[in-house]
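Asker: Sharing a structure below in structure tokens format, with a few things to ask.
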Amino acid sequence: MRALVVNPHERSVRVVERPAPRAPLTNEVLLRVLDIGICGTDREICRFEYGTPPAGAQEFVLGHEALAEVLAVGPDVTLFRTGELVVPTVRRPCSSARCAPCRAGRQDFCVTNEFSERGIVRADGYLADLVLEEERYLVAVPNALRDVGVLVEPLSVVCKAAEEYTLLRERFAFEVPHPRALVLGAGPIGLLAAMTLSADGSETYVFSREAEDGPRSKLIADFGGHYISSRRTPVDGLLQRIGPADVIFEAVGVPEVAWAALPVLAANGIYVLTGVPAIGEPMLGDLRGWMRNMVLHNQVIVGVVNAGPSAYQQAVVLLERFLALFPQPLRALLRRVPLDQAPEVVKRAVGTKDVVSLN
Ligand SMILES: [Zn+2]
Ligand SMILES: [Zn+2]
């Protein structure tokens, strides 16, 4: 079978032939991979800035945003049948007995940092024709989501953030009628977050670099959002232009932008950070003003990474809803390429969400 492998030692990214997996045993499921989404993490790995092969290996298979079809099941599998569509989760638990989250199946909250992630750290990914996976790490996807199901994994990150946001809002014993939302960044995660907020009835603004008459602005308008370009309104002019936001969802990974938007956060507001900035020198800002505002206005800043099983399931439900509400902007996110073009696409983004189609 074909697989796209990254070798950090040789600094190579290439399509190779690998032996097909054996037949599934016990609770294993043999999957035929259909689509693999490519994201910023994959591109960091292909620039050799991030990513670790499994113990003892020099290279590893890339790809963590997968949609696959069940080809065969082990004798103890009860949840899946041949022909069904599935999305595998990405993170696998660490082995520490003291890691309560991993022992409880919530490795997205792992405290040891010794987890593995398929296609990212210490485990092969899914960018191959066939893969073997344990039943417990698979999420069922209805056939109606065949062409957009590859978005389940990135959307699961948004759904975990939504779970945290919902919990935090439970502190209010009163109704906040129509929360106003600001999303920083118009990449796939930012756009999926904006779709989620818009579908929930929030007045949603997306802030990014592209011009206000560009295609992304149109796409955002198509699902009911508003687009603000940094070319027209710099981040420190946002508050004046759109007014305070009850929730800010950050998906840019640029600390200068993330913190400069803090004054937009309304009283009692919740600020969700999902971007991971590159390691660099310490930075300082208006520490006095931020601390005053946070305390005097009961504000919350929360960081969110990865996703648990419930967030994956919620992502499937939400994708079905998006497909009913705004199918056209949803499908417009995706741009498919065949496997032989994958080594190019992992270097440079072409669409909003580039997808490698294998089968
Ligand atoms: Zn990703
Ligand atoms: Zn752990």
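The values are calculated or read from the model by the stated rules, or taken from the named source; none is laboratory data. Worth saying up front: this structure is predicted, and the values here are computed from it rather than measured. Cβ coordinates were reconstructed from backbone atoms using ideal geometry, including for glycine residues, and neighbour counts include every protein chain displayed. With ligands, DNA and RNA removed, areas are computed over all heavy atoms of the protein, side chains included. Shrake-Rupley method; radii C 1.70, N 1.55, O 1.52, S 1.80 Å.
Asker: I'm checking my understanding of the structure. Among residues of region 61-91 that are more than 27 Å from the chain's Cα centre (by Cα) and not charged (D, E, K, R), which one is least open to solvent (accessible area, probe 1.4 Å)?
Answerer: Applying the filter and picking the extreme gives GLY74.
Asker: Still on this structure, I have one more. Which members of region 168-206 meet the condition of being open to solvent by less than 10 Å² (accessible area, probe 1.4 Å) and more than 20 Å from TYR312 (Cα to Cα)? If you could, list the steps in order and put the result at the bottom.
Answerer: Filtering region 168-206 for residues open to solvent by less than 10 Å² (accessible area, probe 1.4 Å) gives 181-186, 190-195, 204, 206.
Residues satisfying the conditions are ALA181, LEU182, VAL183, LEU184, GLY185, ALA186, THR204, VAL206.
Asker: Moving on. Does GLY149 count as under 25 Å from VAL29 (Cα atoms) and open to solvent by less than 10 Å² (accessible area, probe 1.4 Å)? Give the steps one after another, and end with the answer.
Answerer: Details: under 25 Å from VAL29 (Cα atoms): yes; open to solvent by less than 10 Å² (accessible area, probe 1.4 Å): yes.
So GLY149 passes the test.
Asker: Same structure, new question: Which condition does GLU84 not pass, out of (1) within 25 Å of VAL150 (Cβ to Cβ); (2) within 9 Å of ligand 2 (Cβ to nearest atom); (3) charged (D, E, K, R), if it passes all the others?
Answerer: (2)
Asker: Can I ask one more? Hey, which of the helices (runs of 4 or more DSSP H) in region 149-233, taking only ones fully inside, have at least 3 residues that are more than 22 Å from ASN298 (Cα to Cα) and within 16 Å of ligand 1 (Cβ to nearest atom)?
Answerer: Values: elements: 152-169, 188-199, 215-222.
In region 149-233, 152-169, 188-199 are the helices (runs of 4 or more DSSP H) which contain 3 or more residues that are more than 22 Å from ASN298 (Cα to Cα) and within 16 Å of ligand 1 (Cβ to nearest atom).
Asker: Something else: What number of residues in region 234-245 are open to solvent by less than 40 Å² (accessible area, probe 1.4 Å) and either closer than 29 Å to GLU170 by Cα or part of a loop (DSSP other than H, G, I, E, B) (or both)?
Answerer: 4
Asker: Which members of region 163-215 meet the condition of being of a type in the set (Ser, Thr, Tyr) and closer than 21 Å to THR41 by Cβ?
Answerer: Looking only at region 163-215, we keep the residues that are of a type in the set (Ser, Thr, Tyr), and these are 165-166, 196, 198, 202, 204-205, 208.
The answer is THR196, SER208.
Asker: Which condition number does ALA193 fail, the rest of (1) under 24 Å from VAL148 (Cβ atoms); (2) at pLDDT below 95 being met?
Answerer: All conditions pass for ALA193, except number (2).
Asker: When the residues of region 95-135 are narrowed to those that are in a loop (DSSP other than H, G, I, E, B) and charged (D, E, K, R), which ends up farthest from ligand 2 (Cβ to nearest atom)? Walk me through how you get there before you give the answer.
Answerer: Initial filter on region 95-135 (in a loop (DSSP other than H, G, I, E, B)): 95-99, 104-106, 110-115, 118-120, 122-127, 129.
Then keep just the ones that are charged (D, E, K, R); that gives 98, 106, 114, 118, 122, 124, 129.
Numbers: ARG98: 9, ARG106: 9, GLU114: 6, ARG118: 16, ARG122: 13, ASP124: 20, ASP129: 31 Å.
That would be ASP129.
Asker: So, one more: For region 117-173, enumerate the residues that are at pLDDT 95 or above and of a type in the set (Asp, Glu).
Answerer: The answer is GLU117, ASP124, ASP129, GLU133, GLU134, GLU135, ASP147, GLU153, GLU163, GLU164.
Asker: Further question: Here is a list: SER116, SER96. Which entry is open to solvent by less than 40 Å² (accessible area, probe 1.4 Å), more than 26 Å from ARG22 (Cα to Cα) and either aromatic (Phe, Trp, Tyr) or in contact (Cβ under 8 Å) with a residue 12 or more places away in the chain (or both)?
Answerer: Details: SER116 fails: more than 26 Å from ARG22 (Cα to Cα).
After applying the criteria, what remains is SER96.
Asker: While we're on this one: Could you list, in sequence order, the residues of region 1-58 that are open to solvent by 60 Å² or more (accessible area, probe 1.4 Å), away from ligand 1 (no atom under 16 Å from the Cβ) and of a type in the set (Ser, Thr, Tyr)?
Answerer: Of everything in region 1-58, just one residue is open to solvent by 60 Å² or more (accessible area, probe 1.4 Å), away from ligand 1 (no atom under 16 Å from the Cβ) and of a type in the set (Ser, Thr, Tyr), namely THR26.
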